[in-house]
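**Student:** One structure is given below, represented as structure tokens, and several questions about it will come after.
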Amino acid sequence: MAVKNRFAELHENITALRHDLHAHPEILFETHRTSALVAERLRAVGCDEVVTGIGRTGVVGVIKGQSVTSGKVVGLRADMDALPIQEATGLDYASTTEGAMHACGHDGHTAMLLGAAEYLTETRNFDGTVVLIFQPAEEGGGGGREMCQDGLMDRFGIQEVYGMHNWPGMPTGSFAIRPGPFFAATDLFEITVQGKGGHAAKPHETIDSTVMASQLVLALQTIASRNADPVDPVVISVTSFETSSKAFNVIPHAVTLRGTVRTLSKDMRQLAEERVKALCALQCESFGGQAIVDYRRGYPVMVNHPDQTEFAAQAARSVSGQCDKAPLIMGGEDFAYLLEERPGAYILVGNGDSAMVHHPAYNFNDEAIPAGCSWWAEIAEQRMPLSS
């Protein structure tokens, strides 16, 4: 693997930093310790400017190259937050915070970008400016949106932006990427099905909300099978079915359904929302009941820009020798907000044979650190080369 020699030297220190972050996970915007540690580290390695409090608890570091005559400004983003999961790894550096865990590898992402910061401040082998973005609240809080709304792009003059995520199941330190739609939009729904409750021995005197809701769960699946273009993916999952009664002999007056809708295009996203609402209304009306639908838009589709995707793949090939085409992913990623503001690309780096992300047994693979750090450095040096 053609990693930069400096990262082999820094590997032990970056790993120790990653373990410290792993032992002290913080959720959503509550990344106070993590943000302070990041800011302290950026100042210690010699960043030209360090700004805290962007998007509540986000941190930004600025590194100017040996020359800035190109006027180019490239943003590199890592996420910092953990998940509300009880860790079950048994590691000696396992989470010390009850009910919180770095189960998605954001500790690794943060450590790798901090490692890259140390290299880039030492060498400054580029013509332009690197803006390091450390973002809170990727896991459902929309931290990327908050940082953008706080003026991230304009304040620091960012012209392009790049992100990276570890991926279990890919060989350690390998890379994969794809242009266009990559991660799905993540919408949520809560449907209250209302009928008329009564005695279970007299169903004819009721409007059975349980039957209505059961039929609705099945009907919602026809959106994917009968309304959607088969080559335009949509996933509709009902993940919770809760009745207003727990008794054996009572037909409840109401049932609440909760779930998620995942799509990879704006048109399919709109169609799915319209069909969910229509099916709820008409299905329940046919039984004599009604449905109240709370449909909430979440993260948008994350779309990689073609030119920046090819450049990101080229940088990956410089590090590992190849870069595979990544699959479409129906999970969400709020780097989507940054890519709506500026052209850029998001890449996967292999985490090896580990538990999948969001699992209590997951752990970031420290052997991926040199490759990830090297990719960040290659982005800066190749996108803003010094003139010979």
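**Student:** What residue among H253, H305, H359 has the largest mean-square fluctuation in a Gaussian network model of the chain, using Cα springs under 10 Å?
**Tutor:** H253
**Student:** In sequence order, what are the phi-derived ³J(HN,Hα) couplings for the range 289-304 according to the Karplus relation 6.51 cos²θ - 1.76 cosθ + 1.60 with θ = phi - 60°, rounded to whole Hz, with x for glycine and proline?
**Tutor:** x, 8, 10, 10, 10, 10, 10, 10, 6, x, 5, x, 4, 8, 10, 6
**Student:** By a straight-distance test (C-alpha under 28 Å), which lysines pair with K202 as possible cross-link partners, with residues fewer than eight away in the same chain excluded?
**Tutor:** Of all the lysines, those that pass the test against K202 - Cα under 28 Å, at least 8 places apart if same chain - are K246.
**Student:** While we're here: Between 0 and 90 degrees, rounded to the nearest ten: what's the tilt of helix 32-45 against the longest Cα principal axis of the chain?
**Tutor:** 20
**Student:** Using a simple spin-label model with points 7 Å from Cα along the Cα→Cβ vector, what separation in nm is obtained for D150 and A36?
**Tutor:** In this crude label model, D150 to A36 measures out at 1.7 nm.
**Student:** Pick from L218, L76, L132 the residue whose mean-square fluctuation is largest in a GNM of the chain, springs joining Cα atoms under 10 Å.
**Tutor:** L218
**Student:** Modelled label-to-label distance, E340 and N249, 7 Å Cα→beta-carbon offset: nm?
**Tutor:** 5.4
**Student:** Now for a different question. Using the beta-carbon distance between R226 and Q314 and R0 = 51 Å, what value does 1/(1 + (r/R0)^6) give for FRET efficiency, to the nearest 0.05?
**Tutor:** My answer for the efficiency is 0.75.
**Student:** Using only alpha carbon pairs under 8 Å that are at least six residues apart, calculate the relative contact order of the range 1-150 and give it in whole percent.
**Tutor:** Reported relative contact order: 35 percent.
**Student:** Given the Cα-Cα distance of N13 and M356 and 0.36 nm per residue of separation, how much length would full extension add, in nm?
**Tutor:** 120.9 nm
**Student:** Charges at C-beta only: +1 for Lys and Arg, -1 for Asp and Glu. How large is the resulting dipole of the range 14-108 about its Cα centre, in Debye rounded to 20?
**Tutor:** Roughly 520 debye, rounded to the nearest 20.
**Student:** May I pose another question? For the chain, compute the orientation-averaged projected area of the C-alpha convex hull (one quarter of its surface), in nm².
**Tutor:** The directionally averaged projection comes out at 20.6 nm².
**Student:** In the range 45-150, what GluC sites (Glu not before Pro) fall in a loop by DSSP, with at most 10 other Cβ atoms inside 10 Å?
**Tutor:** Of the GluC sites (Glu not before Pro), the ones in loops of the range 45-150 whose Cβ has at most 10 other Cβ atoms within 10 Å are E98.
**Student:** If you keep only loop residues by DSSP, which trypsin sites (Lys or Arg not before Pro) in the range 279-383 have at most 14 other Cβ atoms within 10 Å of their Cβ?
**Tutor:** R297
**Student:** Let me ask something else about it. For the range 96-159, run through the trypsin sites (Lys or Arg not before Pro) and keep only the ones in DSSP coil with at most 16 other Cβ atoms within 10 Å of their Cβ.
**Tutor:** none
**Student:** Once phi is turned into θ = phi - 60°, what whole-Hz ³J(HN,Hα) does the Karplus curve with 6.51, -1.76 and 1.60 give for every residue of the range 368-378, x standing for Gly and Pro?
**Tutor:** Calculated HN-Hα couplings, in order: 7, 4, x, 5, x, 4, 4, 5, 4, 5, 4 Hz.
**Student:** What is the extension gain from K325 to S70, computed as 0.36 nm multiplied by their sequence separation minus the C-alpha to C-alpha distance, in nm to one decimal?
**Tutor:** Net length gain for the segment: 88.7 nm.
**Student:** Considering only C-alpha atoms, what is the centroid distance from the range 52-125 to the range 363-388, in Å?
**Tutor:** Using only Cα atoms, the two centres lie 14 Å from each other.
Computed from the coordinates by the stated procedures, all read-outs in this text should not be read as laboratory data. Here the structure is a predicted model, which means the values were calculated and not measured. Methodologically, a virtual Cβ is constructed for each residue, glycine included, from the backbone with ideal geometry; neighbour enumeration extends over all protein chains shown.
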